[in-house]
Structure formats: structure tokens, C-alpha cells
Amino acid sequence: MPKLSFLVVALMGAMALAGCSKGGSASTDDMHMGDPAAKIKVVEYASASCSHCARFNNEVMPDFKKKYIDTGKAYYTLKEFLTPPNELAAAGFLTARCAGKDKYFNVLDAIYHAQAEIFQTGDMRGVLLRIAQGTGMTEKQFDACITDEKALKALNDRVDAGMKADKITGTPTFIVNGKTIASGEVSLSQLDTAIADASK
């Protein structure tokens, strides 16, 4: 099978961003969960290639979602960011978007759970293709998805906007009601404290 398109590598390689380490305003292009009317707005800048983001997703997000999003207490916004390897982050986000808004978070969750496999085997394309096919995408659709120049430009623009608006340099970075509260390894207790403070 051919490797991930050179187009993705070339476009993403042009972005010299910080790694998955320490380092919002919502957009209609961002992805959301929860009740938009909730008083607590939680924004996470995340990268599909970030190991800290994967740990948060796999270990903390289930409890956070149950406690705050599912109960209507918080409106969660995910803002896409790119960290090395940028081509994995970009292809992951594009794949999730191509699967459709209703499947976006499920696909991203699958990518985070498969992240270790991707790093261990080096088979980025094969693993992402498997995840895409699990949503009903064909290989042809997947290849078209990750080489969509317009979608890649839109992703780059979103990342650039985040860097400028919220001074984001790494992932994950969390913003609660407009205040940046944590970056890097983030626990549920940290978010509990920030949300409690914002609720006062």
C-alpha cells in the first residue's frame, strides 16, 4: 500500500509547531459536545498525534464527559492543533471530519486508542485506513479525504487562528470560561477546581 500522501507530509511539514508539551474562542468549524446553553464552557486544544492528549482522552475524558457534558453542566469544544508528527495529527483530524460530525469524536477516540500501535509499528496509513473503513469509508474515499487540499488549508487556518487568539504552543491546553487553566498532563481534579471557580 502506498504511504501517506506526500501532499499531506509537505503541507504539514511546513508548520514548525511545538511538540506535545506545555505550552478560546469557539468557531463554527470546531467540534462540540454538550449543551450550548451551559454556563461552563470548556475548550480543549488537542492534537491527534499528542501522547498527553491520548492519555487525557483514554483515562480522564470518560469521567469528565459523564460528570459535566452528559449532565448539561458544561459545553465542551475541541479545537484542533498540530504537534509532531504533524502528518499524523493532520490525517487523523481529516479522517475524523470525513467520517461526519456524528462520528467525529468516535473516530478521534479510536485514533487515540490506536496511537501507541501507530508509533510502535510506524504504519500510520494502515491504522488510519482501518479506522476509516470502520466508519464505512472506502480506501478511495480515505485517500481523497487525507489529500483534500481545501480541507488541509482550512485545518492550517484553524491552527494558526488558535496560536494567535489563545497563544497556544502545545497540547492539550484547557480553557474554562475564557481562562487558560492547564496544559500538558491534566487531571480531572484540576478541571474540577477550575470549573468550581468558574461557577462562583
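Data overview
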item	result
Virtual spin-label span in nm between Lys65 and Asp160, 7 Å along Cα→Cβ	3.3 nm
Normalised contact order of the stretch 97-154, rounded percent, pairs of Cα under 8 Å and 6 or more residues apart	34 percent
Label-point separation in nm, Thr193 to Lys179, each point 7 Å along Cα→Cβ	1.2 nm
Lys150/Lys39 FRET efficiency (R0 45 Å; Cβ-Cβ; nearest 0.05)	0.80
Gained length - Asp30 relative to Arg55, 0.36 nm times residue gap less alpha-carbon distance	6.9 nm
Gain in span if fully extended, Asp123 to Asn106, counting 0.36 nm per residue against the direct Cα distance	4.1 nm
Taking the convex hull of Cα positions in the chain, its mean projected area over all directions (nm²)	10.3 nm²
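FYI, it's all coordinate maths here, none of it is from the lab. If you're wondering where the values come from, they're calculated on a predicted model, not measured in any experiment. Cβ: placed from backbone, ideal geometry, glycine included. Neighbour counts: every protein chain shown.
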